[in-house]
1. Restricting attention to segment 161-176, and to residues there that are closer than 18 Å to Ser15 by Cα and either modelled with pLDDT of 90 or more or open to solvent by 50 Å² or more (accessible area, probe 1.4 Å) (or both), which single residue is farthest from the chain's Cα centre (by Cα)?
2. State which residue pairs qualify: first residue farther than 15 Å from Val156 by Cβ and inside segment 78-96, second residue open to solvent by less than 40 Å² (accessible area, probe 1.4 Å) in any location, beta carbons under 6 Å apart, and separation of 6 or more residues or different chains.
3. Looking only at residues that are assigned to a loop (DSSP other than H, G, I, E, B) and touching a strand residue (DSSP E or B) at 6+ places or on another chain (Cβ under 9 Å) in segment 177-188, which one is least open to solvent (accessible area, probe 1.4 Å)?
4. Between a residue in segment 16-29 that is in contact (Cβ under 8 Å) with a residue 40 or more places away in the chain and any residue that is in a loop (DSSP other than H, G, I, E, B), which pairs come within a Cβ distance under 6 Å, given they are 6 or more apart or on different chains?
5. Among the residues of segment 1-54 satisfying the criterion of being charged (D, E, K, R) and part of a loop (DSSP other than H, G, I, E, B), which is modelled with the highest pLDDT?
6. Can you tell me which residue is least open to solvent (accessible area, probe 1.4 Å) among those in segment 61-73 that are assigned to a loop (DSSP other than H, G, I, E, B) and not β-branched (Val, Ile, Thr)?
7. Starting from segment 141-158, take each residue that is small (Gly, Ala, Ser) and list its partners that are assigned to a loop (DSSP other than H, G, I, E, B), counting only C-beta distances under 7 angstrom and pairs at least six apart or across chains.
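The values are calculated or read from the model by the stated rules, or taken from the named source; none is laboratory data. Quick caveat: nothing in here was measured; it's all calculated off a predicted structure. Glycine gets a Cβ as well: all are built from the backbone with ideal geometry, and neighbour counts include every protein chain shown. These area figures cover heavy atoms from the full protein model, side chains too; ligands, DNA and RNA do not enter into them. Shrake-Rupley method; radii C 1.70, N 1.55, O 1.52, S 1.80 Å.
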Amino acid sequence: VGTQEIADYAERIRSAAVRVPGVESVALTGPAPTPPVEPRRSAIEIPGVSDDDQQVVLTEVSREYFSTIRVPIRAGRIWTDTEDRRRSHVGMINATMARLYWPNGNPIGQRMRLAVLGNNFDGSTKSPATDQWIEIVGVTGDVRNDGLSKPVLPEVYVPYALRALGAVLLLVRTSGAEGITDELKRKV
């Protein structure tokens, strides 16, 4: 089963879940380790800014993720449905990453290479793979990504469809309706 098939299947589940009465929104995300497990990371390359020694947290999410968990968009935008369907190489970064790598500049429109993307991953960002590059389209507020007592780490969000792994988590925001869990289980 390929990435596109996994992403399509996950989207069908998300679409079914959002139609359950009392559900306000549903988002997809890749498996998210919780402390004490380290968050998933990727080596990055940002032309003129970073080299192979830099690592950031990488999170695959559907575009509904930000509204579902109420993460504010600080600058730019969320990728579009069309970009999602085309598996476009776009992404968003958190405010911590924007401050760290562009303290006096604007990250929107900048490009970065994520070592974990691409078909020829060799552990290095110095690969010739063009499919490892993404364009930054937005900056989000920070979300705790390494436990509650540690500082927020730099984080990149990419469309779930771009790197759909074998596991998916559904994040569901409800209006507090009773019995919603059983109905969600039936839909899924």
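1. Applying the filter and picking the extreme gives Ser175.
2. Glu83/Val90; Asp84/Pro159; Asp84/Ala161; Arg87/Ala161; Arg87/Leu162
3. Start the filter on segment 177-188 by keeping residues that are assigned to a loop (DSSP other than H, G, I, E, B), which leaves 177-179, 188.
Going one step further and asking which of them are touching a strand residue (DSSP E or B) at 6+ places or on another chain (Cβ under 9 Å), we end up with 177, 188.
On the way: Ala177: 42, Val188: 93 Å².
Here the residue is Ala177.
4. Partner pairs satisfying both residue conditions: Gly22/Ser175; Gly22/Ala177; Glu24/Ser175; Ser25/Glu64; Ala27/Ser62; Ala27/Glu64; Leu28/Ser62; Leu28/Val168.
5. Residues of segment 1-54 charged (D, E, K, R): 5, 8, 11-12, 14, 19, 24, 38, 40-41, 45, 51-53.
Next, only the ones that are part of a loop (DSSP other than H, G, I, E, B) stay: 19, 38, 40, 51-53.
Working: Arg19: 93, Glu38: 71, Arg40: 81, Asp51: 62, Asp52: 61, Asp53: 68.
Ranking the candidates gives Arg19 first.
6. Applying the first criterion (assigned to a loop (DSSP other than H, G, I, E, B)) to segment 61-73 yields 62-64, 69-72.
Then keep just the ones that are not β-branched (Val, Ile, Thr); that gives 62-64, 70, 72.
Numbers: Ser62: 5, Arg63: 72, Glu64: 44, Arg70: 158, Pro72: 54 Å².
Top of the filtered list is Ser62.
7. Gly141/Val71; Gly141/Pro72; Gly147/Pro35
Condition check ((1) at pLDDT 95 or above; (2) part of a strand (DSSP E or B); (3) open to solvent by 70 Å² or more (accessible area, probe 1.4 Å)) across all residues:
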residue	(1), (2), (3)
Thr59	no, yes, no
Ala75	yes, yes, no
Asp84	no, no, no
Ala98	yes, no, no
Gly105	no, no, no
